[in-house]
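So the structure is just underneath, and the comments pick up after that.
The values are calculated or read from the model by the stated rules, or taken from the named source; none is laboratory data. The shown structure was predicted, so the numbers you read here are calculated from the model rather than taken from an experiment. Because the Cβ atoms are built from the backbone with ideal geometry, glycine has one as well, and the counts that use them run over all protein chains shown.
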Amino acid sequence: MISIIIINYRQKEFTIKCVRSVFASITGCPFEAIVVNNSPEEDLKALEVEFPAVKIITNENKGFSHANNRGAVLAKGEYLFFLNADTIVRKDFTEDFLKTFEEKKFGAAGLKLYNSDGTFQLSFGKRIDFFGEISNKKDEEKFRKRDKEFMNSVEKKYSDTTEVDWVTGAAMIVRKECFEKVGGFDESFFLYYEDAELCKRFRDEGLPNYFFPHSDIVHYKGENTNEDFSSSGYLHAKRSQLNYYRMHCSPFQNRLLKMYLKLKFSLKYLSSFDKNYLKILNAIKE
């Protein structure tokens, strides 16, 4: 059985549509759906009425990692499928997935995602360190600008199940046994980098991560932002980046990152006096 874990945080309409797509599409494997509601002020009773089998957990918002761990503790499936609320599952991939991974040693499997315009979405990357991230950012920028020649070449290169350094937590499947073995998501990551950090610990345990391209999931990345996210999301991202480097990168890599961020956000602050940039500069000193 697959346990599908979805986190709701101020995304009620996205969450309802996501759950509907799961029940409409997945027929090839028994599954359970667990929704961890990090926005108790949002009433999800309508979802319980429409899908009585859905487990809804009311949760204090202590971050994405904490919420996913809460769902995992209650999960009964052999596999944990972490799925962002802002996604739509458009076809059943579970039989192909089980055929591919049932006998395979693996940490995390990232599923194929599409943008709302139908283009291929980048959902995996190279190692996380100062120079690896430069390469990742270049690739991400080409995808952001919809460089179709480059996007098509990457999609073609990864048209079969392929080992990668890390995969996004927007649509990630892991064996519950392996997830528990490495200690689940690290809750010191409130938001961002928690997926790459989990993948790093899988690799350290000799469990490779894979991109699995035989799924069809729309991810409305960047289209579901709210005021709280836009004002604080960047700060969470930089804090998590610094946290990852402290844990997994060399002192030299740490120094490079801090020097770069200090220069970048000092200039941004001086040109705008945005207090969020000042918060990032303070985080660098922590």
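So that you can scan it fast, the table gives a plain yes or no per residue for (1) free of Cβ contacts under 8 Å to residues at least 40 places away in the same chain; (2) over 19 Å from the mean Cα position of the chain (by Cα); (3) surrounded by 17 or more Cβ atoms within 10 Å (Cβ to Cβ):
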{"residue": "Y9", "(1), (2), (3)": "no, no, yes"}
{"residue": "E13", "(1), (2), (3)": "yes, yes, no"}
{"residue": "A33", "(1), (2), (3)": "yes, no, yes"}
{"residue": "T58", "(1), (2), (3)": "yes, yes, no"}
{"residue": "H66", "(1), (2), (3)": "no, no, yes"}
{"residue": "V73", "(1), (2), (3)": "yes, no, no"}
{"residue": "N84", "(1), (2), (3)": "no, no, yes"}
{"residue": "V89", "(1), (2), (3)": "no, no, yes"}
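Is it true that some residue in segment 234-253 is aromatic (F, W, Y), modelled with pLDDT of 95 or more, surrounded by fewer than 16 Cβ atoms within 10 Å (Cβ to Cβ) and not assigned by TED's automatic domain parsing to the domain that holds I26? Show your work before the answer.
Quick first cut of segment 234-253, residues aromatic (F, W, Y) only: 234, 244-245, 252.
Cutting the leftovers down to modelled with pLDDT of 95 or more gives us 244-245, 252.
Checking which are surrounded by fewer than 16 Cβ atoms within 10 Å (Cβ to Cβ) leaves us with 252.
So of that shortlist, the ones also not assigned by TED's automatic domain parsing to the domain that holds I26 come out as 252.
Within segment 234-253 (the criterion being aromatic (F, W, Y), modelled with pLDDT of 95 or more, surrounded by fewer than 16 Cβ atoms within 10 Å (Cβ to Cβ) and not assigned by TED's automatic domain parsing to the domain that holds I26), the answer is yes, since at least one residue qualifies.
Is there any pair with a first residue in segment 266-284 that is surrounded by fewer than 16 Cβ atoms within 10 Å (Cβ to Cβ) and a second that is aliphatic (A, V, I, L, M) and modelled with pLDDT of 90 or more whose Cβ atoms are under 8 Å apart and which are 6 or more apart or on different chains, and what are they?
Going by the 8 Å Cβ cut-off, the qualifying pairs are S266/L281.
So K99 ticks every box in (1) touching a Ser or Thr at 6+ places or on another chain (Cβ under 7 Å); (2) surrounded by fewer than 16 Cβ atoms within 10 Å (Cβ to Cβ); (3) charged (D, E, K, R) but one. Which box is left unticked?
Just one mismatch for K99, condition (1).
Please enumerate the residues belonging to segment 15-31 that are surrounded by 17 or more Cβ atoms within 10 Å (Cβ to Cβ), touching a helix residue (DSSP H, G or I) at 6+ places or on another chain (Cβ under 8 Å) and in a helix (DSSP H, G or I).
Selection gives T15, I16, V19.
Can F93 be described as farther than 19 Å from P208 by Cα, surrounded by fewer than 16 Cβ atoms within 10 Å (Cβ to Cβ) and among the hydrophobic types (A, V, I, L, M, F, W, C)? Show your work before the answer.
Working: farther than 19 Å from P208 by Cα: yes; surrounded by fewer than 16 Cβ atoms within 10 Å (Cβ to Cβ): no; among the hydrophobic types (A, V, I, L, M, F, W, C): yes.
In short, no.
Is it the case that segment 189-204 has a residue that's in contact with a Pro (Cβ under 6 Å, 6 or more places away or on another chain) and assigned by TED's automatic domain parsing to the domain that holds D96? Working first, answer last.
Here is the first cut: in segment 189-204, the residues in contact with a Pro (Cβ under 6 Å, 6 or more places away or on another chain) are none.
No.
Inside segment 243-269, can you point out the residues that are assigned to a helix (DSSP H, G or I) and among the hydroxyl-bearing types (S, T, Y)?
Answer for segment 243-269, where residues must be assigned to a helix (DSSP H, G or I) and among the hydroxyl-bearing types (S, T, Y): Y244, Y245, Y260, S266, Y269.
Does L257 count as surrounded by 15 or more Cβ atoms within 10 Å (Cβ to Cβ) and modelled with pLDDT of 95 or more? Reasoning before the result, please.
Numbers: surrounded by 15 or more Cβ atoms within 10 Å (Cβ to Cβ): yes; modelled with pLDDT of 95 or more: yes.
Against the criterion (surrounded by 15 or more Cβ atoms within 10 Å (Cβ to Cβ) and modelled with pLDDT of 95 or more), L257 qualifies.
Say whether the condition of being under 15 Å from the mean Cα position of the chain (by Cα) and not aliphatic (A, V, I, L, M) is met by at least one residue in segment 147-160. I'd like the intermediate steps shown before the answer.
Kept after step one, since they are under 15 Å from the mean Cα position of the chain (by Cα), are these residues of segment 147-160: none.
No - not one qualifying residue is present in segment 147-160.
With respect to E42, is the statement that it is over 22 Å from the mean Cα position of the chain (by Cα) and among the acidic types (D, E) true? Please lay out each step first, then the result.
Details: over 22 Å from the mean Cα position of the chain (by Cα): yes; among the acidic types (D, E): yes.
In short, yes.
Can you work out which of the residues in segment 104-139 that are in contact with a helix residue (DSSP H, G or I) (Cβ under 7 Å, 6 or more places away or on another chain) and surrounded by fewer than 18 Cβ atoms within 10 Å (Cβ to Cβ) is farthest from E180 (Cα to Cα)?
T119
Collect the residues in segment 237-284 that are under 20 Å from A196 (Cα atoms) and polar (S, T, N, Q), keeping them in residue-number order.
S240, Q241, N243, S250, Q253, N254 - these are the residues of segment 237-284 that are under 20 Å from A196 (Cα atoms) and polar (S, T, N, Q).
Is it fair to say G28 is over 19 Å from the mean Cα position of the chain (by Cα), farther than 20 Å from F202 by Cβ and not hydroxyl-bearing (S, T, Y)? Break it down stepwise before answering.
On the way: over 19 Å from the mean Cα position of the chain (by Cα): yes; farther than 20 Å from F202 by Cβ: yes; not hydroxyl-bearing (S, T, Y): yes.
Taking the combined requirement at face value, the residue satisfies it.
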